[in-house]
Amino acid sequence: MTDLILIKYGELTTKKGNRKLFIKTLENNISKKLKDYKYEIKYNNARMYIKCDKNDTKDIINKLKYIFGIHSIVISYYAQTKDELFDLVLTILKSKSFKTFKVDTKRADKDYEIPSMDFSRMLGANILKNINCKVDVHNPDIKIRVEIRKDGFYFYTDEIKGASGYPVGIQGKGMLMLSGGIDSPVAGYLSLKRGVDLECLYFDSPPHTSIQAKNKVIELANIINEYSGNIKVNVVPFTKLQEEIYKNVDDTYIITIMRRMMYRIAERLSKKHNCKIIINGESIGQVASQTLTSMSVINSVTNMPVIRPVACMDKLEIIALSEHIGTYKTSILPYEDCCTIFLPKHPVINPNLDKCIEMEKKFDYESLIDECINNIETINLKKDNKFEDLL
């Protein structure tokens, strides 16, 4: 036996000339997720339909929940004629427990002779005639939703919320500066939701940072990779550069200069991997390096667009979203990354750009950046999805 899964696009329907491209990208992303299942997929500008084995329906729906571009998912039933539909509705409803119902009809085929309201009344009357129940248009136990289309009649009773947003990849690729904290995985998730494919950049500083800190970041990348399937993690060996910063820079400016170096590396790696933007988890005013003055001074080393998806969210909002996407418990594990290891007691909150430039002249950071770039370890999560030594 087979089930018919109906997918509603949501925001994709606001696209006009580009709608076909958005929908085709969504179909490609679904096909990648469902590569281990047997299914048939058809789509038009309004809906997508997936026919699959009944035994696979639950697993497939769980996969679809993680695919951006899907507004909602429903198990749908199809009938070619009105009479077939009326009989099928009764068959399905008799297997459910309810006392009140409501019929909601949408006539996508405007040439169909019966208006939506009249069709709903006719179907409702047939239900009342054959099942002991009542109509409740305000708070029904069950809603029967009917769609009248050129090829026939579709109806469903349950609707599952999808991930919404745009299909991943439709906007091109971005480089996410991923740490082990709470904010940057959320920033990555929000970027994926807007259709941005991701590569990740992690700054590793052994022996000052532990293997557990690195594996924590890989696990965070694995979690958000459920929404993508294409993520790579570029692990930058940052120890020598970070130690030179610590030796040559005033204590209060260590974080500012370190962040400027990170942005330089992120820009070079982004251009190398055809990324259009740099993404990070900075939130305005949250720490010393995220005041507006600090952001401006740090940002001045790159001409690439820097996107900060959580910039105007407060910490409680970010935590709530991290709990929703499943990264929070991993983010709060007590393994420090390079941003916290050398954190001074009193970091400057309003750094001076000229002072930064003078301090950077004290050491040959360009050659150290070259060394970082040339020794990056790249982990392809699509291939190496499981790590036995994680955490």
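For segment 12-61, how many residues meet the condition of being farther than 23 Å from Lys150 by Cβ, among the acidic types (Asp, Glu) and part of a helix (DSSP H, G or I)?
Selection size over segment 12-61: 2.
Would you pick out the residues in segment 294-309 that are touching a residue at least 24 places away in the same chain (Cβ under 8 Å), surrounded by 14 or more Cβ atoms within 10 Å (Cβ to Cβ) and out of contact with any Leu (no Cβ under 7 Å at 6 or more places or on another chain)?
Scanning segment 294-309 gives Ser294, Ile298, Asn299, Val301, Thr302, Met304, Val306, Ile307, Arg308.
Kindly check whether there is at least one residue in segment 239-251 that is assigned by TED's automatic domain parsing to the domain that holds Val186, touching a residue at least 40 places away in the same chain (Cβ under 8 Å) and within 30 Å of Asn29 (Cα to Cα).
no
Inside segment 118-138, can you point out the residues that are closer than 17 Å to Lys96 by Cα, in a loop (DSSP other than H, G, I, E, B) and not polar (S, T, N, Q)?
Ile131, Cys133, Asp136
Would segment 267-279 turn up any residue that is touching a Phe, Trp or Tyr at 6+ places or on another chain (Cβ under 9 Å) and among the polar types (S, T, N, Q)?
Checked segment 267-279: no residue is touching a Phe, Trp or Tyr at 6+ places or on another chain (Cβ under 9 Å) and among the polar types (S, T, N, Q).
Residues are listed down the side, and each one gets a yes or a no for (1) more than 27 Å from Asn28 (Cβ to Cβ); (2) surrounded by 16 or more Cβ atoms within 10 Å (Cβ to Cβ); (3) touching a Phe, Trp or Tyr at 6+ places or on another chain (Cβ under 8 Å):
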{"position": "Ala79", "(1), (2), (3)": "yes, yes, yes"}
{"position": "Gly124", "(1), (2), (3)": "yes, yes, yes"}
{"position": "Tyr154", "(1), (2), (3)": "no, yes, yes"}
{"position": "Pro167", "(1), (2), (3)": "no, yes, yes"}
{"position": "Ile170", "(1), (2), (3)": "no, yes, yes"}
{"position": "Leu176", "(1), (2), (3)": "no, yes, no"}
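Only one of these conditions is not met by Glu267: (1) in a helix (DSSP H, G or I); (2) over 19 Å from the mean Cα position of the chain (by Cα); (3) in contact (Cβ under 8 Å) with a residue 40 or more places away in the chain; (4) surrounded by 17 or more Cβ atoms within 10 Å (Cβ to Cβ). Which number is it?
With (1) in a helix (DSSP H, G or I); (2) over 19 Å from the mean Cα position of the chain (by Cα); (3) in contact (Cβ under 8 Å) with a residue 40 or more places away in the chain; (4) surrounded by 17 or more Cβ atoms within 10 Å (Cβ to Cβ) applied to Glu267, the lone miss is (3).
Which ones in segment 90-115 are assigned to a helix (DSSP H, G or I) and either more than 36 Å from the chain's Cα centre (by Cα) or under 17 Å from Asn139 (Cα atoms) (or both)?
Leu90, Thr91 - these are the residues of segment 90-115 that are assigned to a helix (DSSP H, G or I) and either more than 36 Å from the chain's Cα centre (by Cα) or under 17 Å from Asn139 (Cα atoms) (or both).
Just wondering, is there one or more residues in segment 153-166 that are under 29 Å from the mean Cα position of the chain (by Cα), among the aliphatic types (A, V, I, L, M) and within 24 Å of Ile379 (Cβ to Cβ)?
no
Might you let me know whether segment 67-80 holds any residue that is over 29 Å from Arg194 (Cβ atoms), of a type in the set (Phe, Trp, Tyr) and touching a residue at least 12 places away in the same chain (Cβ under 8 Å)?
Yes: segment 67-80 contains one or more residues that are over 29 Å from Arg194 (Cβ atoms), of a type in the set (Phe, Trp, Tyr) and touching a residue at least 12 places away in the same chain (Cβ under 8 Å).
To keep it simple, each residue is scored yes or no on (1) modelled with pLDDT of 95 or more; (2) part of a helix (DSSP H, G or I); (3) in contact with a strand residue (DSSP E or B) (Cβ under 6 Å, 6 or more places away or on another chain).
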residue: Ser283; (1), (2), (3): no, no, no
residue: Gln286; (1), (2), (3): no, no, no
residue: Met295; (1), (2), (3): no, yes, no
residue: Glu317; (1), (2), (3): yes, yes, no
residue: Glu323; (1), (2), (3): yes, yes, no
residue: Tyr335; (1), (2), (3): no, no, no
residue: Thr340; (1), (2), (3): no, yes, no
residue: Ile357; (1), (2), (3): yes, yes, no
residue: Asn385; (1), (2), (3): no, no, no
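The values are calculated or read from the model by the stated rules, or taken from the named source; none is laboratory data. None of these values were measured; they are calculated from a predicted model. Cβ atoms come from the backbone with ideal geometry, glycine included; neighbour counts cover every protein chain shown.
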